[in-house]
Amino acid sequence: QLRSVHQEVAKWFHQNLLKKPHAEHARAYLKQRQLGIEIAKDWQLGYAPSDPRLFFEWARSMGYTNDLLIDSGLVAEREGPTGRPRIVGRFRDRLMFPVCNDFGEVIAFSGRSLDPESNMAKYLNSPETDLFHKSKTLFGLHRSKRAILKAGRAVICEGQIDLITCFSQGFENMVAPLGTAFTEDHARTLKRLTQE
C-alpha cells in the first residue's frame, strides 16, 4: 500500500508541476536553474501546492485514509488549537523530488522550498517510514548504478539538483545523500559497486 501511495502521489505532484497555473513559479525556478521541462519529465519532478486542501481533496478522491497517509509520511498529526489532534500536509509550496529505492520505486520525497522569504528549511524530506531510511538511501542510485560500475568510481555530490544537472551533461556515475552526513550505510551500499 505504501509503495502504491508513493507512486500515485509522485504522479499527482508531477502533473501539478507540468500543468497547473499555481505551479508557474516552480517551472520558472527550474528554468532559472537551467533544468528544462524534459528533464523535469525524465526525473518525474513535481510540485506540492501551497494550499494543502488540494492534496487532501485528491487523496480523499483516491480513497486514502488518514492512517495510511500518516504511515506514508506525507502528512503529520499535530495538536490543534483545541488540544485535539489534526492532520496537516507535510509538503507545501515545494518543488518535489521523488526518492527511489534500488529498483526505481518511489519510497519517499524531498521537497525544496520555493519561497525565498520563508524561514522554513530549504529542503524537507519524508520522515523515516517502513520504506525509507535516510541514512541508507542515496538519491539517484537506481539510475547511476551501471555508470558507477562502468566508470569504476562513484562521485558524491551535495544535492538533488547538482546530481540532475550532472546527469544532463552526461556525467552519470553520481549519487547524492539526502541532506544528511555521508554514513557507513551509504559507504557499504557504494562498496558493492566500486571501491572508489
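The values are calculated or read from the model by the stated rules, or taken from the named source; none is laboratory data. Quantities reported herein were computed from a predicted structural model and do not represent experimental measurements. Glycine also receives a Cβ, built like all others from the backbone with ideal geometry; neighbour counts cover every protein chain displayed. Accessible surface is based on the protein model in full, side chains and every heavy atom, while ligands, DNA and RNA are left aside. Shrake-Rupley method; radii C 1.70, N 1.55, O 1.52, S 1.80 Å.
Let me understand the stretch 8-92 better: what is its radius of gyration from the alpha carbons, and its Dmax, in angstrom?
14.7, 47
Divide the volume of the convex hull of the Cα atoms of the stretch 120-183 by its number of residues and quote the answer in cubic angstrom per residue.
92 Å³
Quick one: putting +1 on the C-beta of Lys and Arg, -1 on the C-beta of Asp and Glu, what dipole do you get for the stretch 24-85 around its Cα centre, in Debye to the nearest 20? Can you show the working numbers first?
Details: 8 positive and 9 negative charges, 46 e Å.
That gives the stretch 24-85 a dipole magnitude of about 220 debye.
Quick one: of K150/K191; K41/K145; K20/K122; K122/K191; K11/K136; K11/K134, which pairs are farther than 26 Å apart, Cα to Cα? Please list the in-between numbers first.
Numbers: K150/K191 14 Å; K41/K145 20 Å; K20/K122 23 Å; K122/K191 30 Å; K11/K136 24 Å; K11/K134 22 Å.
In this structure, K122/K191 exceed 26 Å between Cα atoms.
Test of the criteria: in the stretch 70-173, which GluC sites (Glu not before Pro) are in a DSSP loop and have at most 10 other Cβ atoms within 10 angstrom of their Cβ?
Filter output for the stretch 70-173: E117, E158.
In percent, what relative contact order does the stretch 1-147 have, based on Cα pairs under 8 Å that are 6 or more apart in sequence?
22 percent
Kindly provide the helix-only [θ] at 222 nm of the chain, computed as the sum of -39,500 (n - 2.57) over DSSP H runs of four or more divided by all residues, to the nearest 500 deg cm²/dmol?
Calculated at 222 nm, the ellipticity per residue is -11500 deg cm²/dmol.
Charges only on Cβ, +1 for Lys and Arg, -1 for Asp and Glu: so what's the dipole of the stretch 62-196 about the Cα centre, in debye to the nearest 20?
Once rounded to the nearest 20, the dipole reads 300 debye.
For the chain, what does the accessible surface come to per residue with a 1.4 Å probe? Please give it in Å².
56 Å²
If we restrict to alpha carbons, what Rg and Dmax does the chain come to, in Å?
17.1, 58
Going 7 Å from the Cα of E117 toward and past its Cβ, which residues in the stretch 69-93 have a backbone nitrogen under 17 Å from where you end up?
93
Can you list the HN-Hα couplings for the stretch 181-196, worked out from phi with the Karplus curve (6.51, -1.76, 1.60; θ = phi - 60°), rounded to whole Hz and with x for Gly and Pro?
Using θ = phi - 60°, the values come out as 4, 5, 10, 4, 5, 4, 4, 4, 4, 5, 5, 5, 9, 7, 8, 10 Hz.
A108's amide H: which non-local residues (gap 5+, or another chain) put their own amide H closer than 5 Å, with H modeled 1.01 Å from N in plane and none for Pro or chain starts?
V99
So, with a 1.4 angstrom probe, what is the percent of accessible area on the chain that is carbon and sulfur?
48 percent
How high is the relative contact order of the stretch 56-140, in percent, with contacts defined as C-alpha pairs under 8 Å that are six or more residues apart?
In percent, rounded to a whole number, it is 21.
Please list, ordered by chain and number, the residues whose modelled amide H lies under 5 Å from the amide H of R94; skip anything fewer than 5 residues away on the same chain.
Those lying under 5 Å, H to H, from R94 are A48.
Can you work out the Karplus-derived ³J(HN,Hα) for every residue in the stretch 76-82? Use 6.51 cos²θ - 1.76 cosθ + 1.60 with θ = phi - 60°, whole Hz, and x for glycine or proline.
Using θ = phi - 60°, the values come out as 10, 9, 10, 7, x, x, 8 Hz.
Working out 0.36 nm times the residue gap between Q195 and D102, then minus their Cα-Cα distance, what length gain in nm do you get to one decimal?
31.6 nm
Using the Karplus curve 6.51 cos²θ - 1.76 cosθ + 1.60 with θ = phi - 60°, what ³J(HN,Hα) values do you get for each residue of the stretch 40-50, in whole Hz, with x for Gly and Pro?
So the Karplus estimates, Gly and Pro as x, are 4, 5, 4, 9, 6, 5, x, 9, 9, x, 5 Hz.
What does the accessible area of L2 come to, in Å² to the nearest 10, when a probe of 1.4 Å is used?
30 Å²
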